[in-house]
1. For region 404-453, name all the residues that are more than 16 Å from the ligand (Cβ to nearest atom), surrounded by 17 or more Cβ atoms within 10 Å (Cβ to Cβ) and within 30 Å of Asn390 (Cβ to Cβ).
2. If the Cβ limit is 7 Å and pairs must be 6+ apart or interchain, which residue in region 215-239 that is closer than 20 Å to Gln256 by Cα pairs with which residue that is within 11 Å of the ligand (Cβ to nearest atom) and at pLDDT below 95?
3. Quick check on region 170-187: of everything there that is in contact with a helix residue (DSSP H, G or I) (Cβ under 6 Å, 6 or more places away or on another chain) and not aliphatic (A, V, I, L, M), which residue is farthest from the ligand (Cβ to nearest atom)?
4. Given the condition in contact with a Leu (Cβ under 6 Å, 6 or more places away or on another chain) and of a type in the set (Gly, Ala, Ser), answer yes or no: does some residue in region 304-325 qualify?
5. Which one of the conditions (1) closer than 24 Å to Glu432 by Cα; (2) in a helix (DSSP H, G or I) does Met72 fail to meet, given that it meets all the rest?
6. What's the number of the condition Phe186 fails, among (1) farther than 30 Å from Glu399 by Cβ; (2) open to solvent by 20 Å² or more (accessible area, probe 1.4 Å); (3) not basic (Lys, Arg)?
7. Of everything in region 456-497, what is open to solvent by 40 Å² or more (accessible area, probe 1.4 Å) and more than 18 Å from Ala336 (Cβ to Cβ)? Give them in sequence order.
8. Within region 143-180, which residues are crowded, with 19+ Cβ neighbours inside 10 Å and not in a loop (DSSP other than H, G, I, E, B)?
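The values are calculated or read from the model by the stated rules, or taken from the named source; none is laboratory data. These numbers come from a predicted model, not from an experiment. Cβ: placed from backbone, ideal geometry, glycine included. Neighbour counts: every protein chain shown. Protein only, heavy atoms only, side chains kept; ligands, DNA and RNA dropped before computing areas. Shrake-Rupley method; radii C 1.70, N 1.55, O 1.52, S 1.80 Å.
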Amino acid sequence: MPTENPFQDPLRFERRVPECVVVIFGANGDLTKRKLLPALYRLAYDRRLSAGFAVVGISRTPLSDEAFREKMLEAVKQFSEDTKFDEDVWNAFAGGLHYVAGDIGDPALYQELATKLAEIEGSRHTGGNVLFYLSTQPSQYAPIALGLGKAGIGKGNGWRRLVVEKPFGHNLESARELSDRLHEVFNESDVYRIDHYLGKETVQNILAFRFGNGIFEPLWNRRYVNHVQITAAESIGVEGRGAYYQEAGALADMIQNHLLQVMATIAMEPSASFRATSVRDERSKLLRSIRAMKPDEIRENTVPGQYGPARIGGQEVPGFRQEQGVNPESQTDTYAAVTFFVENWRWAGVPFYVRTGKRLPKRVTEIAIQFNKAPLAIFGDTDGDGTAPNLLIVRIQPEEGISLKFVSKTPGSGMKLRPVSMDFNYGSSFGERSPSAYETLLLDAIIGDATLYTRQDMVEASWTVVEPIQNVWKETKYEFPNYAAGTWGPAAADEMLARRGHVWRKP
Ligand code: BG6
């Protein structure tokens, strides 16, 4: 028998996909239609799912299995942009799609689900393995878990796991409370809190880049890194989600979860192995090293923003306060910029500038690591920009890749210097499509690999740094709107960097 390699998690390297049923609560919602079903269909198309794989959709609207399959067929055709539709694959996949209608608060729903699961287990030999996926209003997460528990389906003869969508709580206390309620039925090791940014191929590649190469890690610290900028810009507005967004705001919607996880991946210590526990321990440790700021530091190191109306490309674009479902005097942030500090030996004193916003000039997510300048400007008297600092840019979307900027001599006589770029581009280097974040994460949850899922301690660590910021922002009356739709956010965010002699990149 081969001995187990302690440095390789058999789950990640052998990837045997077990039989199972995925139960989706919120099957009539946007996420199911746009992301979950297209991702599951793509996994079927790539022959990644087991033969008996099945889905049970749950929602209030009464629908037959047949009508649910029709709806999902439309969704798959509409939202599987880069997947060829294959009739045979669809027919085999659709044979496993079922639907149960009911009210989350009604015990009868869970009884009906239990009967359905028993039927499927008999006919499709799914071994009692069930992945429950909560894609409903957050207020329903705990009642669903308790409903499953009471009906006796939170445990079973196979494994039972629970995937929970964001937001996970709206502050530290509510996040803790929610974990406590879920733990009444599911062990923490069976709770998969999803953060789709961790499933993005380029975010995973940060680990390969940092820990699979020998030349970058020695530079990855306060001696060489001047500062880090993490940008997640969106050109869209709130797209009909005004009512949700008004409660959440950019800080809670993007920074508390996605961007702090990205920052943790960039800044964490090397993990002892690629096992889920090791990687998550290091991410968690990093999140716990971020300074939770006091109110006066918060006023200095954070900037909220809200977009106002503008004319973009000949079209009138409404301001946030004019969006449907939004209070005309809303104080919600549609833009957030924060300077974080990591209090450990590697990063002490290095600012991590993190920003996100709706209605910025373009959709782009990137991490820029700016290194210190050369210690001596011996080309200082020559023409051109011989003093530009080295910059490493990890592009997460839309074009995935990594670039290193350095200065070079321009051809010709004399010493004229100019910044140039060494580029790695995912598309052209590998020539194959990257799986969507939801494909990666759903498959991981089915396999039982939690490496890319967030754990209770990480969620609590992020709320610990975000909640004090939320509190100061709530108490302060900001002059909103403070940036016009289609621009790079409020001037105060530029000033925040200027105080340390830095400027935001214009990606
Ligand atoms: C979601 C947020 O979690 O992430 C949205 O709720 C945001 O407001 C989205 O638009 C961004 O995801 P992506 O993958 O398009 O960058």
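1. Answer for region 404-453, where residues must be more than 16 Å from the ligand (Cβ to nearest atom), surrounded by 17 or more Cβ atoms within 10 Å (Cβ to Cβ) and within 30 Å of Asn390 (Cβ to Cβ): Lys405, Val407, Leu417.
2. Filtered contacts from region 215-239: Val238/Tyr245.
3. The residue in question is Arg181.
4. No, region 304-325 contains no residue that is in contact with a Leu (Cβ under 6 Å, 6 or more places away or on another chain) and of a type in the set (Gly, Ala, Ser).
5. (1)
6. Single failed check for Phe186: (2).
7. Correct list: Gln456, Asp457.
8. Answer for region 143-180, where residues must be crowded, with 19+ Cβ neighbours inside 10 Å and not in a loop (DSSP other than H, G, I, E, B): Ile144, Ala145, Gly147, Leu148, Arg160, Arg161, Leu162, Val163, Val164, Ala175, Leu178, Ser179.
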